[in-house]
1. So, in nm, how far is label Glu126 from label Glu56 when the simple model puts each one 7 Å beyond its Cα toward the Cβ?
2. Hydropathy first: keep DSSP H helices in the chain averaging at least -0.5 on Kyte-Doolittle, then drop any whose Cα extent along the axis falls short of 27 Å, and list what survives.
3. Let's test the formula: R0 of 25 Å, r as the Cβ-Cβ distance of Asp208 and Thr165. What FRET efficiency results, to the nearest 0.05?
4. Could you give the accessible area per residue of segment 63-156, probe 1.4 Å, as a whole number in Å²?
5. Once Lys and Arg get +1 and Asp and Glu get -1 on their Cβ, which of Ala217, Ser93, Ser229 lies farthest toward the positive end of the dipole of the chain?
6. Evaluate the relative contact order of segment 122-209 (contact order divided by residue number), counting alpha-carbon pairs under 8 angstrom at least 6 apart; express in whole percent.
7. Step through the residues of segment 137-144 one at a time and calculate ³J(HN,Hα) from phi using the Karplus curve (6.51 cos²θ - 1.76 cosθ + 1.60, θ = phi - 60°), rounding each to whole Hz and writing x for Gly and Pro.
8. Quote the charge dipole size of segment 62-130 about the Cα centre in Debye, to the nearest 20; the model charges only the Cβ of Lys and Arg (+1) and of Asp and Glu (-1).
Amino acid sequence: MAGVEFFVEETIGVTESARIPKQRGDQLLDSAVRYVEERHWDVFPGTWLEPENGTERCSCGDTGCPVPGAHPARPDWATQVTGSAVVARRLWSRQPRASVLLPAGRTFDAVDVPEAAGFLALARMERMDLTLGPVICAPDRRMLFFVLPGTAAKAPELVRKLGWTVSAIDLMARGEGDYVAAPPTRIGGRGAVQWARRPTPANRWLPDAEELISPLAYACGREAAAAKSRRK
């Protein structure tokens, strides 16, 4: 998926849609500013990768960091969140290598599922012609489907009504108080966060939880059952 590019939605008073450059080679500062200006997403800077003895470590200093270079740099990260391009430019100018993080629960929530289930569900939803928002593919083999805010609160009950629990099928919803690492952020040596389904004018409006939970839960349940069978 390297080299994927995406276009932002047109807004009132703008005659041409702006264009975000290809992910490969993007500067993190430029990406952060463009997310604010063109997608109206809030952003904040996270940790970054520091070279050390031929490898890279997280700037947090924890040698066992589970998401090196892709988590908040401070516990009060919510105070750094900004929807201002000017402020974003200033923040990343101070530390150009900082990861680009998006706070959930404001302009979007995200349904977080295993990659195999995510691609299965994505193919099914496209065949069903469902309304879909942007979808992130993370190098830790997870996929995140952008949905309307409030999904995180509703997801457990919606999944329960379908006959599962979110923990049993490895489905999570990120909402208020959580965050998402955005392209082109890199997570250690695992690779970069990328778009599985890029933001376009066509997905300006995000889907509600009810529209996506059923196919996502079905795919996660199927993958969980397959994994259980393999362990026997």
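The values are calculated or read from the model by the stated rules, or taken from the named source; none is laboratory data. What you see is a predicted model; the values in this text were computed from it and never measured. A quick note on method: Cβ atoms are made from the backbone with ideal geometry, for glycine too, and the neighbour counts reach across all protein chains shown. With ligands, DNA and RNA removed, areas are computed over all heavy atoms of the protein, side chains included. Shrake-Rupley method; radii C 1.70, N 1.55, O 1.52, S 1.80 Å.
1. Each label point is offset 7 Å from its Cα along the Cβ direction, giving 2.8 nm.
2. Working: long enough: 209-231 (32 Å, -0.24).
Flagged H segments are 209-231.
3. Values: r = 21 Å, r/R0 = 0.85.
Using R0 = 25 Å, I get an efficiency of 0.75.
4. Here the residues of segment 63-156 average 43 Å² of exposed surface.
5. Highest projection toward the positive end goes to Ser229.
6. So the answer I get is 44 percent.
7. Listing the rounded values in order: 10, 9, x, 8, 6, 10, 10, 10 Hz.
8. 440 debye
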